[in-house]
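Engineer: Take a look at this one; I'll ask things after.
The values are calculated or read from the model by the stated rules, or taken from the named source; none is laboratory data. If you're wondering where the values come from, they're calculated on a predicted model, not measured in any experiment. Neighbour counts run over all protein chains shown; Cβ positions are idealised from the backbone, glycine included. Calculation scope for accessible area: heavy atoms of the full protein, side chains included, ligands and nucleic acids excluded. Shrake-Rupley method; radii C 1.70, N 1.55, O 1.52, S 1.80 Å.
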Amino acid sequence: NYRCRSAFKLLEIDDKYDVLRPGLSVVDCGAAPGAWSQVAAQRVNAAGERPDLPRGSVIGIDLLHIAPLEGAHFLSNQDITDPATHAALQRLLPQAQADVILSDMAPNASGLRELDHERLVSMCLSLLELADKILRPGGSLVCKYWDGGLTHKLRDGLARAFRDVRTVKPKASRKESSELYFLARTFRNT
Ligand code: SAM
């Protein structure tokens, strides 16, 4: 029982690319209402439901309130682009490091397609600063974006920081929407 249908997009991405494994620590950006965190908590064994497997962790952040979830720690009413949030994450993460950064963030849509695209790209670019602070070398990042004129800028930024970057369009994502995901793997952190 997921809090939102968006869960199926992450399930699809993870079934194909195996990003989430038991024992990993995950930061979920733009986590409200919490469906991606539910998927992540299950797959990294954050609640310890499988005592035979390593136990991971999930920290979710959102501008909005996020209702509690077994195995997850939520930072509600916080902006992921704020350096104070980065510092809070460093304090909360095991060894101050995450294995995976997830972002299904989206700005409030203005209805102007190119403007919304640009806003979301700049939010995604701020995830690269977050990655420099908390992502373990070898780690991965999944981020939603809306396709548009600045997509190449985001892809280039990711390609500088990660060895492998690919575009993913989950079937669960409406065909007519410009919504896509970047999956960036093997963080270099040099
Ligand atoms: N993945 C979520 C789930 O499965 O439940 C759905 C996420 S929803 C599509 C996008 C979220 O991004 C919204 O809840 C919004 O408040 C959040 N958001 C937008 N800008 C943000 C920011 N700067 N910092 C944190 N969260 C943000």
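Engineer: Which numbered condition trips up GLY111, out of (1) open to solvent by 20 Å² or more (accessible area, probe 1.4 Å); (2) farther than 19 Å from LEU63 by Cα; (3) modelled with pLDDT of 95 or more?
Structural biologist: Here GLY111 meets the rest and fails (3).
Engineer: Please verify whether segment 5-24 includes one or more residues that are open to solvent by less than 30 Å² (accessible area, probe 1.4 Å), farther than 26 Å from ARG185 by Cβ and touching a residue at least 12 places away in the same chain (Cβ under 8 Å).
Structural biologist: Within segment 5-24, not a single residue is open to solvent by less than 30 Å² (accessible area, probe 1.4 Å), farther than 26 Å from ARG185 by Cβ and touching a residue at least 12 places away in the same chain (Cβ under 8 Å).
Engineer: Looking at ARG119, ARG174, ARG160, ARG166, can you tell me which residue is open to solvent by 60 Å² or more (accessible area, probe 1.4 Å), more than 25 Å from ALA35 (Cβ to Cβ), among the basic types (Lys, Arg) and out of contact with any helix residue (DSSP H, G or I) (no Cβ under 6 Å at 6 or more places or on another chain)? Break it down stepwise before answering.
Structural biologist: Details: ARG119 fails: more than 25 Å from ALA35 (Cβ to Cβ); ARG174 fails: more than 25 Å from ALA35 (Cβ to Cβ); ARG166 fails: more than 25 Å from ALA35 (Cβ to Cβ).
Going through ARG119, ARG174, ARG160, ARG166 in turn, the sole match is ARG160.
Engineer: Collect the residues in segment 49-65 that are closer than 14 Å to LEU102 by Cβ and touching a helix residue (DSSP H, G or I) at 6+ places or on another chain (Cβ under 8 Å), keeping them in residue-number order. Working first, answer last.
Structural biologist: Residues of segment 49-65 that are closer than 14 Å to LEU102 by Cβ, as a first pass: 56-62.
Result: GLY56, SER57, VAL58, ILE59, GLY60, ILE61.
Engineer: Let me ask you something else. Just a yes or no: is a residue in segment 128-144 without any contact (Cβ under 8 Å) to a residue 40 or more places away in the chain and either surrounded by fewer than 16 Cβ atoms within 10 Å (Cβ to Cβ) or part of a strand (DSSP E or B) (or both)?
Structural biologist: The first filter runs over segment 128-144 and keeps only residues without any contact (Cβ under 8 Å) to a residue 40 or more places away in the chain, leaving 128.
Narrowing the set further to residues that are either surrounded by fewer than 16 Cβ atoms within 10 Å (Cβ to Cβ) or part of a strand (DSSP E or B) (or both) leaves none.
So far as segment 128-144 goes, no, none of its residues is without any contact (Cβ under 8 Å) to a residue 40 or more places away in the chain and either surrounded by fewer than 16 Cβ atoms within 10 Å (Cβ to Cβ) or part of a strand (DSSP E or B) (or both).
Engineer: Would you mind listing the strands (runs of 3 or more DSSP E) fully within segment 1-119 where at least 1 residues are within 12 Å of the ligand (Cβ to nearest atom), under 22 Å from GLU129 (Cα atoms) and out of contact with any strand residue (DSSP E or B) (no Cβ under 8 Å at 6 or more places or on another chain)?
Structural biologist: Ranges flagged: none.
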